[in-house]
Amino acid sequence: MSQGFAHSQAALRALAQTVLDHAASKGATACEVDVSEGFGQSVSVRRQEVETIEYNRDKGLGVSVYIGQRRGHASSSDFSPAAVRASVEAALSIARFTAEDDCAGLPEARLLATKTMDLDLFHPWDISVEAAIDIARRCEQAAFDVSPMIRNSEGASVSAQTSHFVSANSLGFMGGFATSRHYVSCSVIAGEGDDMQRDDWYVSQRDARKFPDAATVGDYAARRALSRLGARKLKTRKCPVIFEAPLATGLIGSFVHAISGGALYRKTSFLVDSLGKQLFPDFVRISERPHIRGGFASSPFDDDGVATHDREVVKDGVLQGYFLSTYSARKLGLRTTGNAGGAHNLLVQPGRHDLKGLLREMGSGLLVTELLGQGVNYVTGDYSRGAAGYWVEKGEIAYPVEEITIAGNLREMLRGIAAIGNDIEVRGSKQVGSILVERMTIAGS
């Protein structure tokens, strides 16, 4: 046992090698395997009473085998020798009945990661349940202390999670590491009667020592909820729109989805054949940095075992590269970008303004702080989401708004970005400040 894990890294590596050896002995021409284990605890309180205490401990093994160009996959949560052998043999049985796929198979050996890196991703939080409950209570109480208009709570939560894994394949690649991720959150309700509003806030860190005081999370959640009281509807119009930083990551996420291999080779993206084309204004730059120490999406290799590298995805507004796995690259006749499993720390170059500066630059328009529903058609790029936020006049927030829909087309929205803020909230694989879009349709009353 190591750092609370039931299995050491060495044990996971030995298990992965057992899978590779058994697959070869049973006639597989190639094999890849992932073995993982994770555990953690979460607590939540509501109105200072403990609502939930949850413990989780999971493990899993996934194996893909190849018989020529035929692929089979099987998985198990049982690490016993008999279960491991059965998983390999199940995958082989599936492969024998699967149609050949010219694009199936392992990556080219020369592309596989060979260097080990310490990216500072593992900081286990050895916190007792009692201490976690105390943090959650302080977080929620700080929200109630802001104003008597904070009438109710949806709760405050504290979670500590750790995991580790090993990936390996029959070309000699084997790599793995441990990670941690912890969060503190709070959601409260302001107002009474017909004028009630909820809002929330959360912070996430790999290293719990970097958390702000929990009271600041509850305090900010309360102020966000209070600021939404007295919300109005807007009449239908066209105007500039600012996506607050946490929502701007979703806008960039839609762009990433549209230039990812699966959508491209299936031709279910409005950005098919966009490589080398101007998709953004020339001041927009988007970089991928997989090796940021402590980054939420840092990794020396992707899910195929391919080595990751720094690269520019968008430069001077022009698309420089897609997000491709080994398989999707082959389907497109291109080379993998090391993105099996997704993007690795996308950094959108910030502008000179914080959110207040963006409001002044916009003048009059809509600041969106909440989006509802999905409403994105990736084939056409049409975008329509329920929204709430604030109407802005002369660079200042005038009043909160709700029950509106914002609509546009993603291609035009990306080209219509007028400014990007420097108010970055680091919560996941994409780091971007608030985004000002020149013009969208607001559907209201």
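The values are calculated or read from the model by the stated rules, or taken from the named source; none is laboratory data. Every value quoted in this text rests on a predicted model; they were computed, and no experiment measured them. Quick reminder, even Gly has a Cβ in these numbers, built from the backbone with ideal geometry, and neighbours come from all protein chains shown. SASA here: full protein model, heavy atoms, side chains in, ligands and nucleic acids out. Shrake-Rupley method; radii C 1.70, N 1.55, O 1.52, S 1.80 Å.
Among residues of the range 87-115 that are touching a residue at least 24 places away in the same chain (Cβ under 8 Å), those with a beta-carbon under 6 Å from a residue that is open to solvent by 20 Å² or more (accessible area, probe 1.4 Å) and assigned to a helix (DSSP H, G or I) at least six positions away or on a different chain give the pairs Val88/His22; Cys103/Tyr327; Cys103/Arg330; Cys103/Lys331. For Ala297, the criteria (1) in contact (Cβ under 8 Å) with a residue 60 or more places away in the chain; (2) assigned to a loop (DSSP other than H, G, I, E, B); (3) of a type in the set (A, V, I, L, M, F, W, C); (4) more than 30 Å from Ala387 (Cβ to Cβ) hold in every case but one, which is (4). Contact map, the range 162-180: residues that are farther than 22 Å from Asp58 by Cβ paired with residues that are open to solvent by 30 Å² or more (accessible area, probe 1.4 Å) and not aliphatic (A, V, I, L, M), Cβ distance under 6 Å, separation 6+ or inter-chain. Pairs shown: Asn169/Glu32.
Select from the range 105-132 the residues that are assigned to a helix (DSSP H, G or I) and open to solvent by 70 Å² or more (accessible area, probe 1.4 Å) and list them in ascending order. Walk me through how you get there before you give the answer.
From the range 105-132, those assigned to a helix (DSSP H, G or I) are 109-111, 129-132; that's our starting set.
Within the range 105-132, Arg110, Glu130 meet the criteria.
Looking at the structure I just gave you, is Gly155 on the phi > 0 side of the Ramachandran plot and either part of a strand (DSSP E or B) or at pLDDT below 95 (or both)? Yes; evaluated as a whole, the condition is true for this residue. Please work out if Phe5 is farther than 30 Å from Ala131 by Cα and among the aromatic types (Phe, Trp, Tyr). Considered against the rule, which asks whether it is farther than 30 Å from Ala131 by Cα and among the aromatic types (Phe, Trp, Tyr), Phe5 comes out as no.
Cβ-Cβ contacts under 6 Å between residues 6 or more apart (or on different chains), taken from a first residue in the range 266-285 that is free of Cβ contacts under 8 Å to residues at least 60 places away in the same chain to a second residue that is charged (D, E, K, R), are listed as Asp282/Asp316. Residues that are under 30 Å from Tyr66 (Cβ atoms), out of contact with any helix residue (DSSP H, G or I) (no Cβ under 9 Å at 6 or more places or on another chain), open to solvent by 10 Å² or more (accessible area, probe 1.4 Å) and not basic (Lys, Arg): does the range 185-206 have at least one? Checking the range 185-206: not a single residue is under 30 Å from Tyr66 (Cβ atoms), out of contact with any helix residue (DSSP H, G or I) (no Cβ under 9 Å at 6 or more places or on another chain), open to solvent by 10 Å² or more (accessible area, probe 1.4 Å) and not basic (Lys, Arg). The strands (runs of 3 or more DSSP E) found entirely in the range 334-436 include none that carry 2 or more residues being among the basic types (Lys, Arg). Number of residues in the range 63-104 that are among the aromatic types (Phe, Trp, Tyr) and open to solvent by less than 40 Å² (accessible area, probe 1.4 Å) equals 2.
Return the total of residues in the range 13-62 being more than 24 Å from Asp78 (Cβ to Cβ), in contact (Cβ under 8 Å) with a residue 60 or more places away in the chain and open to solvent by 70 Å² or more (accessible area, probe 1.4 Å). Going through the range 13-62 one residue at a time, the tally reaches 4. Listed by position, the helices (runs of 4 or more DSSP H) contained in the range 180-267 that have at least 2 residues being closer than 30 Å to Leu324 by Cα are 245-258, 261-265. For first residues located in the range 315-343 and within 28 Å of Ile417 (Cα to Cα) and of a type in the set (Lys, Arg), partners that are in a loop (DSSP other than H, G, I, E, B) and modelled with pLDDT of 95 or more and lie 6+ apart or on another chain with Cβ distances below 8 Å form the pairs Lys315/Arg285. Here Val84 does not fit the description of being touching a Cys at 6+ places or on another chain (Cβ under 8 Å) and in contact (Cβ under 8 Å) with a residue 24 or more places away in the chain. For the range 133-147, check the following and say yes or no: at least one residue is in a strand (DSSP E or B) and open to solvent by less than 20 Å² (accessible area, probe 1.4 Å). No, the range 133-147 contains no residue that is in a strand (DSSP E or B) and open to solvent by less than 20 Å² (accessible area, probe 1.4 Å).
Each row is one residue, and each column tells you yes or no for (1) surrounded by 20 or more Cβ atoms within 10 Å (Cβ to Cβ); (2) in contact with a His (Cβ under 9 Å, 6 or more places away or on another chain).
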position	(1), (2)
Asp273	no, no
Phe283	no, no
Phe296	no, no
Ser299	yes, yes
Val306	yes, no
Arg311	no, no
Lys331	no, no
Val348	yes, no
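Just so you know, in the range 210-228 the residues that are open to solvent by 40 Å² or more (accessible area, probe 1.4 Å) and either over 25 Å from the mean Cα position of the chain (by Cα) or aliphatic (A, V, I, L, M) (or both) include one that is farthest from Leu347 (Cα to Cα), and it is Leu226.
Since Gly444 meets every condition but one in (1) under 27 Å from Asp200 (Cβ atoms); (2) at pLDDT 95 or above, which condition does it not meet? Among (1) under 27 Å from Asp200 (Cβ atoms); (2) at pLDDT 95 or above, the lone unmet condition for Gly444 is (2). Residues in the range 361-382 that are of a type outside the set (Gly, Ala, Ser) and either closer than 20 Å to Arg224 by Cβ or crowded, with 21+ Cβ neighbours inside 10 Å (or both): Met362, Leu366, Leu367, Val368, Thr369, Glu370, Leu371, Leu372.
Counting only residues that are in contact with a Lys or Arg (Cβ under 7 Å, 6 or more places away or on another chain) and more than 30 Å from Leu226 (Cβ to Cβ), which one in the range 152-175 is least open to solvent (accessible area, probe 1.4 Å)? Give the steps one after another, and end with the answer.
Pass one, the range 152-175, residues in contact with a Lys or Arg (Cβ under 7 Å, 6 or more places away or on another chain): 153-155, 161, 166, 174.
When the remaining residues are screened for being more than 30 Å from Leu226 (Cβ to Cβ), the result is 161, 166, 174.
On the way: Gln161: 51, Val166: 0, Met174: 55 Å².
Per the criteria, the residue is Val166.
Residues that are within 23 Å of Lys277 (Cα to Cα), of a type in the set (Val, Ile, Thr) and open to solvent by 50 Å² or more (accessible area, probe 1.4 Å) do not occur anywhere in the range 421-437.
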